[in-house]
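Report on one structure; see the data block that follows.
The values are calculated or read from the model by the stated rules, or taken from the named source; none is laboratory data. Everything numeric in this text was worked out from a predicted model, so none of it was measured. So basically every Cβ, Gly included, is an ideal-geometry build from the backbone, and we count neighbours across all protein chains shown.
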Amino acid sequence: MTISKDCADFLRQFHSTTFGQKLKATHAREIVAAYFGYKSHAAQLAETLFPISELGAASILVPDVSCIAWRLQRLNGLPSNIPEAYQLARVLSDFLVRAGTFAGKVWLYDSLGSYVVEEYLRDNHGVIEDEVSGAMASTNAIFDEYPEYDEPRVSDNGDNVQILVAGTMYGSSDQDRPYSGHEIGVSATVTLDRVAGRTSFMEPELDVGGALKDGYYAEA
């Protein structure tokens with residue numbers, strides 16, 4: 001309750017100071033609950049497996065921007081100049097970090113799947129290349145571009161969240177060597193073990209697989 005109340009109190013003060021309008025305590029509590037992935041403050045209070053009080057033990061915080069947007073549409077009597085969901089998530093994230101309540105990494109994005117594809121997998125491209133190096137070496141191609149990834153699939157399994165991404169690495173064939181493939185199918189699974197609320201996790205685990213396409217196959 002302390003973390004949730006502190007966030008709600010801060011949000012009310014921030015809105016009053018920045019926009020000159022009053023934000024009701026009930027509205028602030030609902031927005032904070034949505035930030036942590038709950039559709040209502042009551043649902044947050046009912047959490048027993050992953051209480052928000054354990055936030056300090058988490059390494060990754062993924063504010064639920066879509067849940068905030070969903071909740072804002074259903075709250076009556078909000079101030080006319082209430083910020084959009086993404087800005088509210090940013091303000092609350094900055095507060096938690098500044099207050100020392102959370103010391104890990106904040107993955108602030110429109111969606112978790114988009115963050116993994118556009119940020120996390122790019123940051124870990126070296127790991128992906130290492131895992132598919134065997135397949136790369138068996139071709140006559142040079143691979144110097146990021147894979148083109150398909151739409152990610154996000155699966156919430158209760159204790160963890162998994163993001164499954166498939167894609168293709170395209171290489172440029174070396175014409176001086178016999179053709180042996182220039183496309184590698186890549187699969188990446190990012191597993192986030194839940195710690196507190198619905199939106200904070202331990203360090204991600206990345207599992208990568210790959211195989212040659214175009215009729216040529218090899219172990220990654």
Residue under evaluation Ile52, criteria (1) out of contact with any Ser or Thr (no Cβ under 8 Å at 6 or more places or on another chain); (2) within 19 Å of Ala103 (Cα to Cα), criterion not met: (1)
Residues of segment 112-132 being closer than 22 Å to Ser66 by Cβ and in contact (Cβ under 8 Å) with a residue 60 or more places away in the chain, which ones? Val116, Tyr120, Leu121
Looking at (1) out of contact with any Leu (no Cβ under 9 Å at 6 or more places or on another chain); (2) among the hydroxyl-bearing types (Ser, Thr, Tyr); (3) assigned to a loop (DSSP other than H, G, I, E, B), which is the one condition that is false for Ser114? (3)
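When you scan segment 20-37, do you find a residue that is in the same structural domain as Arg98 (by TED's automatic domain parsing), under 24 Å from the mean Cα position of the chain (by Cα) and in a loop (DSSP other than H, G, I, E, B), even just one?
Yes; the residues of segment 20-37 include at least one that is in the same structural domain as Arg98 (by TED's automatic domain parsing), under 24 Å from the mean Cα position of the chain (by Cα) and in a loop (DSSP other than H, G, I, E, B).
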Between a first residue in segment 133-145 that is over 12 Å from Lys213 (Cβ atoms) and a second residue that is assigned to a helix (DSSP H, G or I) and not polar (S, T, N, Q), which pairs have beta carbons less than 6 Å apart while being 6 or more apart in sequence or on different chains? Phe143/Met136
Only residues that are β-branched (Val, Ile, Thr), modelled with pLDDT of 85 or more and in a loop (DSSP other than H, G, I, E, B): list them for segment 132-160, please. Val132
Of the residues that make up segment 86-98, is at least one in the same structural domain as Pro204 (by TED's automatic domain parsing) and more than 23 Å from Gly158 (Cα to Cα)? no
Filtering segment 41-75 down to residues that are under 24 Å from Ile163 (Cα atoms) and surrounded by fewer than 14 Cβ atoms within 10 Å (Cβ to Cβ), which residue is farthest from the chain's Cα centre (by Cα)? Leu49
Single unsatisfied condition, Glu129 versus (1) modelled with pLDDT of 95 or more; (2) surrounded by 14 or more Cβ atoms within 10 Å (Cβ to Cβ): (1)
Would it be correct to say that Leu23 is touching a strand residue (DSSP E or B) at 6+ places or on another chain (Cβ under 8 Å) and in contact (Cβ under 8 Å) with a residue 24 or more places away in the chain? no
